[in-house]
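Here's the structure, in structure tokens; my notes come after.
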Amino acid sequence: MQINKLTAHQLKDLIRKKEISAEEALTAVYDQIEETEKDIGAYVSLTKEKAFLQAKAVDKKIKNGERVGNLAGIPMAIKDNMCIKDGKTTCSSKILENFVAPYNATVIEKLQAADAVFIGKTNMDEFAMGSSTENSSVKTTKNPCDLTRVPGGSSGGSAAAVAGKEAILAIGSDTGGSIRQPAACCGVVGMKPTYGRVSRYGLVAFASSLDQIGPLTKDVTDSALLLNEISGYDEKDSTSINVSVPDYTRCLTKGVKGLKIGIPREYFIEGMNVEVKSAVEKAIKILEGLGAKTQEVSLPHTEYAVAVYYLIATAEASANLARYDGVKYGYRTDSDGDLLDMYKKTRGEGFGSEVKRRIMLGTYVLSSGYYDAYYLKAQKVRTKIAEDFKNAFNQVDVIITPTAPTTAFKIGEKMADPLQMYLSDIFTISVNLAGIPAISIPCGLTGEGLPIGLQILAPPLQEERILTTAYSYEQKE
């Protein structure tokens, strides 16, 4: 038995039955990391010593007949923009390369309460700004399915860790597709919950009205299992939704008979990879064969989503990243000069080119004389995009689209053309603007063996519909 290839729900049962110890599970994962990490580069830091202490504590609890959490002994990876007390949280940026978090993010507290074991922190595009994990100041993570290609981004390290069997579970964050797009690129399951369903407290902010934490897993059952543990109201997060959390694992087997699926005409566009289009259409046919009904729907403001996103997200990034000034914490330049000179040089040396680009864009759209023309207008169109989804969901239960217009592209292929890179998220961005939940699940391979992602969307707080649909397809496929 190759333990590191097991799903979390399989491993969880084996650990509880004492057929496998938490230490054995962790050893299997670290052995895999030892073998493949030099090629994949999924992690920016490993916390091996702490991890084995956590695993030993779980084994001791089980041996003594004590109650253990629902993720007891499961080795998991954490994206490096979530705070773990007394550990580095760098956001894969030079400006935070030595920052040690003084507190835990709420999701970390929840995962610790569930007795999960933390392997280490995963690589990401700097401050979650990117679609390929090439914008990391640390390294470029490679796609385990093809080492010449990107794993997607910004949660590329988390997706690659799960796909490369270097973690059983992983956590990522999604601002415009940063969980779902790498999940599609790496052939794993990536869930972006409803905005406010999972606390953002302790998540280093990129764009506060768009950021959301979610699971990256090997299958849909694991996604439901992990979502159970990280969801819920948190008074420390003013955007957290105070509603009860269902047991997502109980909805999986309900089936899709009679389910109304919407197919948005705006998502099947010219220039989309032919194999991606074919795979998604085949997946829809499978769901129809299981009793679901399909109809075309329209999301007419989709064409404006990329522009709206890159106005709102950059404006919020400009405000959020103003705190990195070389005074409070993080990197500070060694250069001599006055205070203003120190600010300029610290930010110039500490931020990478993509982060600088977005800060400048955001500062521009918030500046006097341009606020109404750009930012305010973008917020109005954002409302229209949300209304499009509301109208569509009055007709259907879920919406199905491709996750991305292409499969994973070659490393370096789009770095010289930011617009082409931004268009990688064309099918995922609207979900964040509307605050609705969505998942990406594997739906086949191209002729070159590259994974294709299927995206399922639902109304706010209807993650159960998504998981039911995804699980039904996964079992049949």
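The values are calculated or read from the model by the stated rules, or taken from the named source; none is laboratory data. This is a predicted model, so every value here is computed, not measured. Note that we place each Cβ from the backbone using ideal geometry, even for glycine, and neighbour counts take in every protein chain shown.
Of all residues in the range 67-111 being among the polar types (S, T, N, Q) and within 27 Å of THR346 (Cβ to Cβ), which is modelled with the lowest pLDDT?
The selected residue is ASN98.
Filter the helices (runs of 4 or more DSSP H) completely within the range 386-477 down to those with at least 3 residues that are under 25 Å from THR253 (Cα atoms), more than 17 Å from the chain's Cα centre (by Cα) and touching a residue at least 40 places away in the same chain (Cβ under 8 Å).
Counting at least 3 such residues, we get 463-476.
When you scan the range 240-248, do you find a residue that is among the aliphatic types (A, V, I, L, M), surrounded by 24 or more Cβ atoms within 10 Å (Cβ to Cβ) and part of a loop (DSSP other than H, G, I, E, B), even just one?
Checking the range 240-248: not a single residue is among the aliphatic types (A, V, I, L, M), surrounded by 24 or more Cβ atoms within 10 Å (Cβ to Cβ) and part of a loop (DSSP other than H, G, I, E, B).
Could you please let me know if GLN295 is under 30 Å from LYS254 (Cα atoms), surrounded by fewer than 17 Cβ atoms within 10 Å (Cβ to Cβ) and at pLDDT 95 or above?
Yes; evaluated as a whole, the condition is true for this residue.
Looking only at the range 309-352, how many residues end up being touching a residue at least 40 places away in the same chain (Cβ under 8 Å) and part of a helix (DSSP H, G or I)?
17
Look at ASP211 and say whether it is under 23 Å from PRO75 (Cα atoms) and either of a type in the set (D, E, K, R) or in contact with an Asp or Glu (Cβ under 7 Å, 6 or more places away or on another chain) (or both).
Answer is no for this residue.
Being surrounded by fewer than 14 Cβ atoms within 10 Å (Cβ to Cβ), not in a helix (DSSP H, G or I) and not aromatic (Phe, Trp, Tyr): is that true of LYS285 here?
Answer is no for this residue.
What's the number of the only condition in (1) of a type outside the set (Val, Ile, Thr); (2) assigned to a loop (DSSP other than H, G, I, E, B); (3) crowded, with 17+ Cβ neighbours inside 10 Å; (4) more than 23 Å from the chain's Cα centre (by Cα) that ASP234 fails to meet?
Among (1) of a type outside the set (Val, Ile, Thr); (2) assigned to a loop (DSSP other than H, G, I, E, B); (3) crowded, with 17+ Cβ neighbours inside 10 Å; (4) more than 23 Å from the chain's Cα centre (by Cα), ASP234 violates only (4).
How many of the residues making up the range 327-343 are surrounded by fewer than 15 Cβ atoms within 10 Å (Cβ to Cβ) and of a type outside the set (Val, Ile, Thr)?
Result for the range 327-343: 9.
Scanning for something more than 19 Å from PHE393 (Cβ to Cβ), touching a strand residue (DSSP E or B) at 6+ places or on another chain (Cβ under 7 Å) and basic (Lys, Arg), does the range 184-194 turn up at least one residue?
Looking for residues that are more than 19 Å from PHE393 (Cβ to Cβ), touching a strand residue (DSSP E or B) at 6+ places or on another chain (Cβ under 7 Å) and basic (Lys, Arg), one finds none in the range 184-194, hence no.
Residues to consider are VAL107, VAL58; find the one that is out of contact with any Leu (no Cβ under 9 Å at 6 or more places or on another chain), crowded, with 24+ Cβ neighbours inside 10 Å and closer than 28 Å to ARG197 by Cβ.
After applying the criteria, what remains is VAL58.
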